[in-house]
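This report concerns only the one structure given below.
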Amino acid sequence: MHFADHDILTPGDAPNVLVAMNPAALKANVSDLPRGAEVIVNTDEFTKRAMQKVGYGTSPLEDGSLDGYSVHPVP
């Protein structure tokens, strides 16, 4: 059964929720979200070292870069 003439990579047009278990997941996927989307973040993994490993100079949880999203920090 064919649903489309192109690859379907997600069940919807764009995700509305991102569960970021670590800084790498946030960095890799946040650009897929529309403004106003929900971002659930495992704050225990957002250590200085983990953020530096993926190229964050400052914490995206504190620098305002996620202001367009509804961020839910979860320890």
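Between Val30, Val41, Val54, the Gaussian network model of the chain with springs among Cα atoms under 10 angstrom shows the greatest mean-square fluctuation at Val54. Scanning residues 5 or more positions from Val39 or on other chains, those with amide H under 5 Å from its amide H are Leu18, Ser70, Val71, His72, with H placed 1.01 Å from N in the peptide plane.
Computed from phi, the 3J(HN,Hα) profile of region 24-35 under the Karplus parametrisation 6.51, -1.76, 1.60 (θ = phi - 60°) reads 5, 5, 5, 4, 6, 10, 4, 5, 7, 8, x, 4 Hz, with x in place of Gly and Pro. Once mean projected area of the Cα convex hull in nm² is calculated for the structure shown, the corresponding label among (1) 6.0; (2) 9.3; (3) 5.0 turns out to be (1). Using θ = phi - 60° in the Karplus curve 6.51 cos²θ - 1.76 cosθ + 1.60, the 3J(HN,Hα) couplings for region 54-65 round to 9, x, 7, x, 10, 6, x, 7, 10, 8, x, 5 Hz; x is entered for Gly and Pro.
Mean separation of Cα pairs under 8 Å and 6 or more residues apart, divided by the residue count, gives the chain a relative contact order of 32 percent. Rounded to whole numbers, the Karplus 3J(HN,Hα) couplings from phi for region 40-46 are 9, 10, 7, 5, 4, 8, 8 Hz, using 6.51 cos²θ - 1.76 cosθ + 1.60 with θ = phi - 60°, and x at Gly and Pro. Using the Cβ-Cβ distance between Arg49 and Met21 with R0 set to 22 Å, the FRET efficiency works out to roughly 0.90.
Taken together, the values in this text are just the output of simple stated rules run on the coordinates, not laboratory data. This is a predicted model, so every value here is computed, not measured. Reconstructed Cβ throughout: ideal geometry from the backbone, glycine too, with neighbour counts over all protein chains shown.
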